[in-house]
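Step one of this worksheet: look at the structure below.
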Amino acid sequence: MSRDKEKIKNLYQSKLEKLKKHNKKYYEDSNPQIDDSEYDKLKKNILDLEEKYKFLKNKDSPSKTVGLKPSKIFLKSKHRLKMLSLSNAFDEKDLINFEKKISNFLNLKEYKNIEYSVEPKIDGISASLTYKNNILNLGLSRGDGIEGEIITENLKTIKDIPKNINHKTFPKDIDIRGEVYIAKKDFESIKDRFANPRNAASGSLRQKDSNETKKIPLKFIAYTYGFKDDIGFKKQSEFLDLLKNWGFKVNPHNKLIKGISGLIAHHKDFEKKRHELDFDVDGLVYKINDINLQKRLGSVTNAPRWAIAHKFSADSSFSEILNIEIQIGRTGALTPVAKIKPVNIGGVLVSNATLHNEEEIIRKDIRIGDTVKVERAGDVIPHVLSVDLKKRSKNAKKFLFPIKCPSCGSKVIKDFNKITKKYDAVKRCSSEGYKCEKIAIEKVKHFVSKEALNIEGLGKKVVEKFWELNFIKLPSDVFLLDYEKIKKLDGWGELSANNLKNSIEKSKNIGLDKFIFSLGIRHIGQENAKLLAQYFETKDKFYNLMKNFDFLSLSNIDGIGETQIKSIKNFFSDQINLKVISNLLSTMNIREILQIKKGKLKNKTFLFTGKLKNLSRAEAKSLTEQNAGKILSNVNKKLDYLVIGEKPTNKKIKQAKELKIKVIEQSEWEKLLK
Ligand code: IVH
């Protein structure tokens, strides 16, 4: 090839790469970095080059794609009821565990025969459709589960979605939820343009012009509800029948199954058949069929207690380990990661695979240069399964796990687990907080992440970039950004800098629970952050904790144990952490946790001791909280009622009597609830 020809090819290639990057920003991240006119210019450049130099050809060329054009981000709207996700099960052990937890919570003696609604888990994009007075008037994407994008017009182009429903049993107000997807055979004709059917569905739902959505044959299967008027069905299976009567498509493979052995047998059978189906499935969803039990079980932060996704085994492929690197997490954990020769596994290009920890590397005898089997299951991080020893070359190199943190040079340690009386398999950097650069970056990423401040446009890559440029070193720096400088950065402009500014401003308004979670205190995840927020109620009370160093009071919170308290204490002993919190408290508008719940037990505190009749401790607690009561974990002067069951702890009764706290029977507590 002549030099000129090569030059032109390179130019063309680099423009295509750029276009691809902006397509991803728009379609996958919902975060366009350039405006429409810039995008059009780029596309025109490419088409002009193709026109002029006939030897240029590429399957990614915009000439081969229908006008996929980025535009403004969609407006958002809050889901009336949160859109939850599902916890995962991979094997029988996980399912047994799931049932055990349920039967403990429900205090079931005989739980061998729980009935489940078993539904294929279609790998698509979930959507929520609001029907008021029989008319579809709002369609939302899942978003972060709390608010979704308004994509009503695009959803209306889908044939399977009824625009109005005139059926006598259809409620006047209901959210219908289900999955938008592309059938495998329909994907065939557009497969050059997308990595997999799921991406295609996601991309075409995000078109600004619904005529573009229409060009892609999307389908919809309904499977659950959000907010709804009271309608009298008692089973999930009855609801699925109603959906069918109202004119929705439901999955023809839905089934009712009792007991785990039945579930396992069906899973095995269905997994074999999965490739014959006309849609991508990544597992089966098991939902307790009895709605009453579902209501009693309720949910944790993001997932119901009454359902689980049983995944199919993962796709896998072989590749070569080019190198092993150490990744340092937010809590200082050192994770070895294999850099592998990029390989396509189930439609996704994989170039990193986790090796978990040092013990795992030794156990599997994994070396640099080895040919390994890599597995990838849905949204789970790819991991190295095994080594093909036959292919090991003489040059394969053993990996020496560092004894010092590769980022800050601190000693590497292992935690001792008091319960298992063993050292953790994970090694960590012994430096706490922001002194270790890699930990600090991860802390900032956590601070702005979806589950915390949820700052759109400040993804992981951007945080790293801003870190390098010294724009952000601490979470509080997020609110001190210089947008004039950002505007001028490569890949940025007026529009994207403004978008970022807006989302950062918006993120200043946050509930106390999310704020506590965002600090990234070890062992304080979303659930624990919520418990702490409910206990403190206001940011001032939370701030006093660190000023007065009154950590003992935390043992009052049911669910917060020794490990958490130790970690909180540790966190507040660090000067930089204190500085960060003070800065944040003065810049942000942290909402108190309003105890909006009305309930018979409002402002009353309870502690249970002894075995309750027909009721598990967990459900008693959950019922107390649903009625706005609070649970304490030990007897002290803040306690209002000690509720005693069979064989109570006498010491607790004695302490309660000394403090003149009311000691009541389970039946009296039940009366308070009525
Ligand atoms: S139920 C209340 N049913 O799986 C539980 N979800 O990880 C939440 N999905 O976002 C939804 N098929 O996109 C439910 N039959 C089914 C499903 C299903 C696929 C997806 C859905 C959701 C994700 C949960």
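Rounded to the nearest 10 degrees, the angle from helix 236-246 to the longest Cα principal axis of the chain is 50 degrees.
Convex hull volume of the C-alpha atoms in the chain, normalised per residue: 195 Å³. Put the Cα centre of the stretch 621-648 next to the Cα centre of the stretch 329-400 and the gap is 49 Å.
Per residue, the accessible area of the chain comes to 53 Å² when a 1.4 Å probe rolls over the protein heavy atoms.
Highest-first packing order for the peptide set 230-237, 203-210 is 203-210, 230-237, based on the mean count of other beta carbon atoms within 10 Å. Counting only DSSP H runs of at least 4 residues, each contributing -39500 (n - 2.57), and dividing by the residue count of the chain, the helix-based mean residue ellipticity at 222 nm comes to -10500 deg cm²/dmol. Sequence-ordered 3J(HN,Hα) estimates for the stretch 349-364 from the Karplus curve with 6.51, -1.76 and 1.60 and θ = phi - 60° stand at 7, 10, 10, 10, 9, 6, 10, 6, 7, 4, 4, 5, 5, 5, 4, 8 Hz, glycine and proline given as x. Relative to the longest principal axis of the Cα atoms of the chain, the long axis of helix 36-52 makes an angle of roughly 30 degrees.
Pulled fully out, how much extra length does the chain show between LYS21 and LYS76, if you take 0.36 nm times their separation in residues and subtract their Cα-Cα distance?
In short, 17.4 nm is gained.
Any chance you could check the Cα centroid distance between the stretch 205-250 and the stretch 460-474 for me, in angstrom? Each part reduced to its Cα centre gives a spacing of 42 Å. With the highest mean first, a sort of the peptides 418-426, 621-629, 304-312 on other beta-carbon atoms found within 10 angstrom per residue produces 304-312, 621-629, 418-426.
Apolar share of the accessible surface for the chain: 50 percent from carbon plus sulfur atoms, 1.4 Å probe. Between LYS341 and LYS112, the modelled labels are 5.3 nm apart [label points 7 Å from Cα along Cα→Cβ]. Each peptide in 238-249, 283-294 was scored by the mean count of other Cβ atoms within 10 Å over its residues; highest first, the order is 283-294, 238-249. Between helix 539-548 and the chain there is an angle of about 70 degrees, using the helix long axis and the longest principal axis of the Cα atoms.
Hand me the GluC sites (Glu not before Pro) from the stretch 74-113 located in a DSSP loop with no more than 15 other Cβ atoms within 10 Å, in residue order please.
The qualifying sites are GLU110.
From the alpha carbon centroid of the stretch 157-196 to that of the stretch 255-274 is 26 Å. Here the Karplus relation 6.51 cos²θ - 1.76 cosθ + 1.60, evaluated at θ = phi - 60°, turns the backbone of the stretch 220-234 into coupling constants of 9, 10, 8, 9, 7, 9, x, 5, 7, 5, 5, 10, x, 10, 10 Hz, with x for every Gly and Pro.
Here the stretch 461-540 was treated as a single set of alpha-carbon atoms; its pair distances binned every 10 Å from 0 give 16, 39, 27, 16, 2 percent. Length gained on full extension, ARG392 to ASN352: 12.4 nm, using 0.36 nm per residue less the C-alpha separation.
The values are calculated or read from the model by the stated rules, or taken from the named source; none is laboratory data. No experiment lies behind these values; they were computed from the predicted model shown. Methodologically, a virtual Cβ is constructed for each residue, glycine included, from the backbone with ideal geometry; neighbour enumeration extends over all protein chains shown. In case anyone asks, the SASA skips ligands and DNA or RNA and just uses the protein heavy atoms, side chains included. Shrake-Rupley method; radii C 1.70, N 1.55, O 1.52, S 1.80 Å.
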